[in-house]
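Undergrad: Just passing along the structure, written as structure tokens.
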Protein chains: 2
Amino acid sequence: MDTRALDAYIRDHLDEAIAQLQDYARIPSVFHDVDALHRTADWVAEAFRRRGFDVVVYSHPSGITPVVWAERQGRRSDRVLLIYNHYDVQPPDPLDEWETPPFEPTRRGNFLYGRGVSDDKGHLISRLLAVDAWLAVHGELPCTVRFVVEGEEEGRKSETLQAMMDEHPERFQADGCIWEFGGVGKDDVPLQHLGMRGIAYFELEVKALKRDVHSGIGGSFLPNAAWRLVWALNSIKTPDERVHIPGFYDDVQPPTERDLELLSQMLDRLQDFEELLEPGQTFLKGETDPLTLYRMAVFEPSCTITGLTAGYQGPGAKTVLPARARAKLEFRLVPWQKPEDIAAKLVRHLQAQGFGDVQVRFLGGLHPMKMDPDHPFVDLVVETARDVYGRPMVKVPMVGPSGPAYMFVHKLGLPTATAGIAYPGSRIHAPNENIRIDLFEKGARHMARIFHAMTEYTPPVG
Amino acid sequence: MDTRALDAYIRDHLDEAIAQLQDYARIPSVFHDVDALHRTADWVAEAFRRRGFDVVVYSHPSGITPVVWAERQGRRSDRVLLIYNHYDVQPPDPLDEWETPPFEPTRRGNFLYGRGVSDDKGHLISRLLAVDAWLAVHGELPCTVRFVVEGEEEGRKSETLQAMMDEHPERFQADGCIWEFGGVGKDDVPLQHLGMRGIAYFELEVKALKRDVHSGIGGSFLPNAAWRLVWALNSIKTPDERVHIPGFYDDVQPPTERDLELLSQMLDRLQDFEELLEPGQTFLKGETDPLTLYRMAVFEPSCTITGLTAGYQGPGAKTVLPARARAKLEFRLVPWQKPEDIAAKLVRHLQAQGFGDVQVRFLGGLHPMKMDPDHPFVDLVVETARDVYGRPMVKVPMVGPSGPAYMFVHKLGLPTATAGIAYPGSRIHAPNENIRIDLFEKGARHMARIFHAMTEYTPPVG
């Protein structure tokens, strides 16, 4: 089809779309700020209504923030495309490392900086720009487009989304689903992500004493919450990176030959990480072989301390025996490890090792997800990229992060693919998160083409 | 001697003295607040000048705050009593556990609450009340009294005090020295403290990455500063409470028979700590024998994690691979372990265990101190207590905390004893630090008697 008018619209309305993104990213929808999250949901619902979508704002007692569901019927085909996004963001700390304030989205040349501009607010606005182009140029969308935008992706467990799927499965029926993110890798090569690891996230807390005690008085005979925590953590993983929770590796399925073939096409992506290492540090286990490292990064589970808190953390030397200590502990899971199973095994392990005084709180879990790399819907998205990026997308069999994609792929049975605006310098979850505006434009152009390609899409039989 | 007039003066001027202490404790002289520390030094110097003392405010480039030295000649004897105090205090956090603000000293009945009222500002003001009583009743002090009040006791290494001792040893000459603290134990029994453990305090820091990374991306192949720190700490001490630094126990001298005899007189003091244990917690090593526990508490070295910091510490689940992690690590030393020696051994141990990436900063050290429990100056202080407390002081051969007493006892060769206003509920270094006003009065009365007893004191020969 002739996409020149669509592309022209997108180019001419780019500044306007970026201004909308700034509006959206100005709301500090950090995952624990319930008030800001509700205001953000209102903003999103209004953005859909303005574009003629039918909107459902779905709440459920099991969650804290609503899912914004929106649909606009297509006129050229019965095909349905489902698009998933989320409106919650990660906390902005450490605040002092931001060059401009995280919730004052700031444009500098080809970049827009701000918390959430890449993960995941920019993706949604870029997709809405594709919608706007179709509506302006053709007065309609070519296929039916359904958006699902939730607010419990970053720090919670998508409870409301899960409840909505159970209660209204019909709202999630589609011929294919576009995932929250997507974008280019090194050298601006567009990437198609076909799998995500799962996650099980915990807070461990030790309460040893009813209050802090002078360390000179109690240090030799009273229990120390920080030591108990350190020893408990040490029992979970040793410096050889082996996780010692019995049964932890039971459900790990190694990658297929096809997975490793796809992985081996993109080994240069790891080089960017070498410059992050402080002097004297190496990749884990001293590994240097790129394929092995890449395989570790995405096809092996991880066990990460993401936070430690105990006692005195200011300058100088406070002599205190900490009554309490806390750790945040995250596991990334590979097919087909299950978050609830890992949680049960962790609790049993700590009990068995004599750390029954370590309280375990399960803060959230998501299953791993894996798509057939050669599904026709995947190939539709891969091929439509060619016209925008000058080449088809490169298939990435698995990535390290997690998301609720499992529910779409394995629970709803929807073929799912990625398309978006991210690039390796996006700094998601870190200070100075940013997007490239040229990629924001490309993402909109790609999405406009996917809408059209859906009209010619034939689902596989069976 | 007839002490009725001195006691009456002290009783009649008690409220005035408490008001002075409130003034003094209102200055937030936390050890890292150099500006507040200098204002506090000015306050102290003025308190001495007002009482006719000669004052020297001594500064030295090796430290950050001055020593306030003050002397007033006695008229009845040539004996010289040296009194040591400090004007710096511990940080007040956790702030939200204070019932009244830490730097708004608040009187409630027989108690005064505020940071530093017990450690160590109340002791100084109580001693000044004894000085005031002598000056008001007799127009003079019976012996020469020298005060040394420093501002580098809590978070630093008494650098300025050490420099002053080296440069002006004559200012520290005395027949005996009264230490910063003292007071009663359980059931208001007055205690004479004869030894203090030493201390070596460190900050350990791991820098693994140049910046935080998304834990889903880097967790399986990039180094994690928090894990490195946990494993390094675990290599230092194991759950059996054994310190694994080679040579750590080399210089430990066990207590004498006389030490253990003295210790066995006061085993009931430990019972107060049982109520601090959270359900399921025990004293270390599950020990229950009181003499063994008391011996552990004061005659064994300790290794205490006093603080842990890494990554995300807020609510919920932030998915971050921490670039950096820090621990505060404190060792309490028993005779005759040496802080510098422990520092060198700690660094060598971490290197040898493969933790060369753990940076060790030595934040402060103090040697252990131990007095001959039967020295005549000690007995002078012990016996003068009888008239105030209804019984002589009970001799405590060693306590858990540390102080620069080593310099006075072992460097200057001064017999040193304790006398003061503390009690087991003082909560020093913790929220709701407080003094009992009846004990503040008793401390002043005891000190007034010590001044007089010095006129009849005969130092031992040799």
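Undergrad: If the stretch B:57-133 were replaced by its equivalent ellipsoid, with semi-axes equal to the square roots of 5 times the Cα gyration tensor eigenvalues, what would those be, largest first, whole Å? Write down the numbers at each step before the final one.
TA: On the way: eigenvalues 180, 81, 11 Å².
Result for the stretch B:57-133: semi-axes of 30, 20, 7 Å.
Undergrad: Rounded to whole Hz and in sequence order, give me ³J(HN,Hα) for the stretch B:228-243 from the Karplus expression 6.51 cos²θ - 1.76 cosθ + 1.60, θ = phi - 60°, writing x for Gly and Pro.
TA: Ordered by residue, 3J(HN,Hα) equals 4, 5, 4, 5, 5, 4, 4, 6, 8, 9, 9, x, 7, 6, 7, 8 Hz.
Undergrad: Let me check against my output: what whole-number percent is the relative contact order of chain A, with C-alpha pairs under 8 Å and at least 6 apart?
TA: Details: 964 pairs, mean separation 117.1, N = 462.
Relative contact order, chain A: 25 percent.
Undergrad: Viscosity 0.692 mPa s, temperature 37 °C: what is the translational diffusion coefficient of the stretch A:292-387 from Stokes-Einstein with a Kirkwood Rh over Cα pairs, rounded to a whole number of µm²/s?
TA: 188 µm²/s
Undergrad: Return the long-range amide H neighbours of B:Gly307 (sequence gap of 5 or more, or a different chain), with a cut-off of under 5 Å between placed amide H atoms.
TA: Sorted by chain and number, the residues that satisfy this are A:Tyr312, B:Lys328.
Undergrad: Over all alpha-carbon pairs in the protein assembly as shown, figure out the percentage whose distance exceeds 35 Å. Show your work: numbers first, answer last.
TA: Details: 246959 of 426426 pairs.
That fraction is 58 percent.
Undergrad: What average count of beta carbons from other chains do you get within 10 Å of the Cβ of residues in A:228-240? Numbers along the way, then the final one.
TA: On the way: counts 3, 4, 12, 6, 2, 7, 8, 2, 2, 4, 3, 10, 0.
Mean shielding by partner chains, rounded to a whole number: 5.
Undergrad: Sticking with this one: Using a 7 Å offset from Cα along the direction of the beta-carbon, what are the separations from A:Gly109 to the same position in each other copy, nm, ascending?
TA: 7.0
Undergrad: Relative to the present Cα-Cα distance, how much length would full extension add between B:Arg11 and B:Asp379 at 0.36 nm per residue of separation?
TA: Values: separation 368, 0.36 × 368 = 132.48 nm, distance 2.64 nm.
That pair, B:Arg11 and B:Asp379, stretches by 129.8 nm at full extension.
Undergrad: Let me check against my output: what whole-number percent is the relative contact order of the stretch A:329-462, with C-alpha pairs under 8 Å and at least 6 apart?
TA: Working: 112 pairs, mean separation 31.8, N = 134.
Relative contact order comes out at 24 percent.
Undergrad: Convex hull over the alpha-carbon atoms of the stretch A:389-439: what's its volume per residue in Å³? Intermediate results must be reported in sequence, preceding the final value.
TA: Numbers: hull volume 5.7 nm³, N = 51.
Considering the Cα atoms of the stretch A:389-439, their hull volume per residue is 112 Å³.
Undergrad: Here is a further query. Any idea how far apart A:Asp187 and B:Asp54 come out in nm if each label point goes 7 Å out from Cα toward Cβ?
TA: Placing both labels 7 Å beyond Cα along the Cβ direction yields 8.4 nm.
Undergrad: How high is the FRET efficiency between B:Glu104 and A:Asn110 when r is their beta carbon distance and R₀ equals 56 Å, given to the nearest 0.05?
TA: Details: r = 54 Å, r/R0 = 0.96.
Efficiency computed from Cβ-Cβ geometry: 0.55.
Undergrad: Nm distances between the label at A:Ser59 and the same-position labels in the remaining copies, 7 Å along Cα→Cβ, shortest first?
TA: Between copies, matching label points for A:Ser59 lie 6.2 nm apart.
Undergrad: Next up: With +1 on each Lys and Arg Cβ and -1 on each Asp and Glu Cβ, how big is the dipole of the stretch A:356-462 about its Cα centre, in debye rounded to the nearest 20? Please list the in-between numbers first.
TA: Numbers: 11 positive and 10 negative charges, 33 e Å.
Using Cβ point charges on Lys, Arg, Asp and Glu, the stretch A:356-462 gives about 160 debye.
Undergrad: Note the angle between two axes, namely the Cα long axis of helix A:14-26 and the longest principal axis of the Cα atoms of chain A, as a number of degrees from 0 to 90, rounded to the nearest 10.
TA: Approximately 30 degrees, to the nearest 10.
Undergrad: Where the only charges are on Cβ atoms (+1 Lys, Arg; -1 Asp, Glu), what is the dipole of the protein assembly as shown about its Cα centre, to the nearest 20 debye?
TA: Working: 102 positive and 132 negative charges, 36 e Å.
In debye, rounded to 20, the protein assembly as shown gives about 180.
Undergrad: Cα axis of helix B:437-453 to longest principal axis of chain B: angle in degrees, 0 to 90, nearest 10?
TA: That works out to roughly 60 degrees.
Undergrad: What residues qualify as long-range amide H neighbours of A:Ala385, i.e. H under 5 Å apart, gap of 5 or more or another chain, H built at 1.01 Å from N?
TA: A:Met393
Undergrad: Among the listed pairs A:Lys338/A:Lys370; A:Lys210/A:Lys328; A:Lys370/A:Lys395, which are separated by more than 20 Å between their Cα atoms?
TA: Details: A:Lys338/A:Lys370 14 Å; A:Lys210/A:Lys328 22 Å; A:Lys370/A:Lys395 12 Å.
A:Lys210/A:Lys328, as the Cα separations exceed 20 Å there.
Undergrad: Could you tell me which of A:Leu128, A:Tyr423, B:Ser77 has its Cα farthest along the dipole of the protein assembly as shown towards the positive end, charges placed at Cβ (Lys, Arg +1; Asp, Glu -1), taken about the Cα centre?
TA: Of A:Leu128, A:Tyr423, B:Ser77, it is A:Tyr423.
Undergrad: So if I take the centroid of the Cα atoms in the stretch B:187-216 and the same for the stretch A:257-305, what is the distance between those two points in Å?
TA: Centre-to-centre distance over Cα atoms comes out at 36 Å.
Undergrad: If you place +1 on the Cβ of every Lys and Arg, -1 on the Cβ of every Asp and Glu, and leave all else neutral, what size is the dipole of the stretch B:243-371 about its Cα centre, to the nearest 20 Debye?
TA: 840 debye
Undergrad: Order these by the 10 Å Cβ neighbour count, fewest first: B:Arg258, B:Arg171.
TA: Details: B:Arg258 13, B:Arg171 17.
Ranking B:Arg258, B:Arg171 by Cβ neighbours within 10 Å, fewest first, gives B:Arg258, B:Arg171.
Undergrad: Taking a temperature of 4 °C and a viscosity of 1.567 mPa s, what whole-number D in µm²/s does Stokes-Einstein yield for the stretch A:179-273 with Rh from Kirkwood over alpha carbon pairs? If you can, show how the numbers build up before the last one.
TA: Working: Rh = 18.6 Å.
Calculated translational D: 70 µm²/s.
Undergrad: List the extent of the Cα atoms of the stretch B:237-334 along each of their three principal axes, largest first, rounded to whole Å.
TA: For the stretch B:237-334, the Cα spread along each principal axis is 56, 35, 17 Å.
Undergrad: If I fit a long axis through the Cα atoms of helix A:339-352 and take the longest principal axis of the Cα atoms of chain A, what angle between them do I get, 0 to 90°, rounded to 10?
TA: Roughly 0 degrees between the two axes.
Undergrad: Moving on to the next point. Rounded to two decimals, what ratio of Rg to Rh does the stretch B:311-462 give with C-alpha atoms and a Kirkwood Rh?
TA: Values: Rg = 22.3 Å, Rh = 19.8 Å.
The Rg/Rh ratio comes out at 1.13.
Undergrad: Hey, got the Cα dimensions of the stretch B:1-59 along the principal axes, in Å, largest first?
TA: Extents along the principal axes: 44, 25, 16 Å.
Undergrad: Give me the one-decimal nm value for the distance between modelled label points at B:Val252 and A:Lys285, 7 Å along each residue's Cα-to-Cβ direction.
TA: Spacing of the two 7 Å Cα→Cβ label points: 3.9 nm.
Undergrad: Which of the listed residues, B:Pro460, B:Ser264, A:Leu363, is farthest toward the dipole's positive end in the protein assembly as shown, when Lys, Arg count +1 and Asp, Glu count -1 at the beta-carbon?
TA: Farthest towards the positive end: B:Ser264.
Undergrad: Please order A:Leu277, A:Leu308 by the number of other Cβ within 10 Å, starting at the fewest.
TA: Details: A:Leu277 15, A:Leu308 32.
Lowest to highest Cβ neighbour count: A:Leu277, A:Leu308.
Undergrad: Let me ask another. Which listed residue (A:Leu277, B:Ile178, A:Ser59) has the Cα farthest towards the positive end of the charge dipole for the protein assembly as shown, taking +1 on Lys and Arg C-beta and -1 on Asp and Glu C-beta about the Cα centre?
TA: Highest projection toward the positive end goes to A:Leu277.
Undergrad: Same structure, new question: Averaging the inverse of every distinct alpha carbon separation and then flipping it gives the Kirkwood radius. What is it for the stretch A:102-164, in angstrom units? If you can, show how the numbers build up before the last one.
TA: Details: mean 1/r = 0.0702 Å⁻¹.
Kirkwood radius, the stretch A:102-164: 14.2 Å.
Undergrad: With the crude spin-label approximation of a point 7 Å out along Cα→Cβ, what separation in nm comes out for A:Glu275 versus A:Thr455?
TA: 4.5 nm
Undergrad: A further question on this structure: So if I take the centroid of the Cα atoms in the stretch A:437-458 and the same for the stretch A:388-436, what is the distance between those two points in Å?
TA: The stretch A:437-458 and the stretch A:388-436 have Cα centres separated by 15 Å.
Where a number appears in this text, it was derived from the coordinates with a stated rule and is not lab data. Please read all numbers here as calculations on a predicted model, not as lab measurements. So basically every Cβ, Gly included, is an ideal-geometry build from the backbone, and we count neighbours across all protein chains shown.
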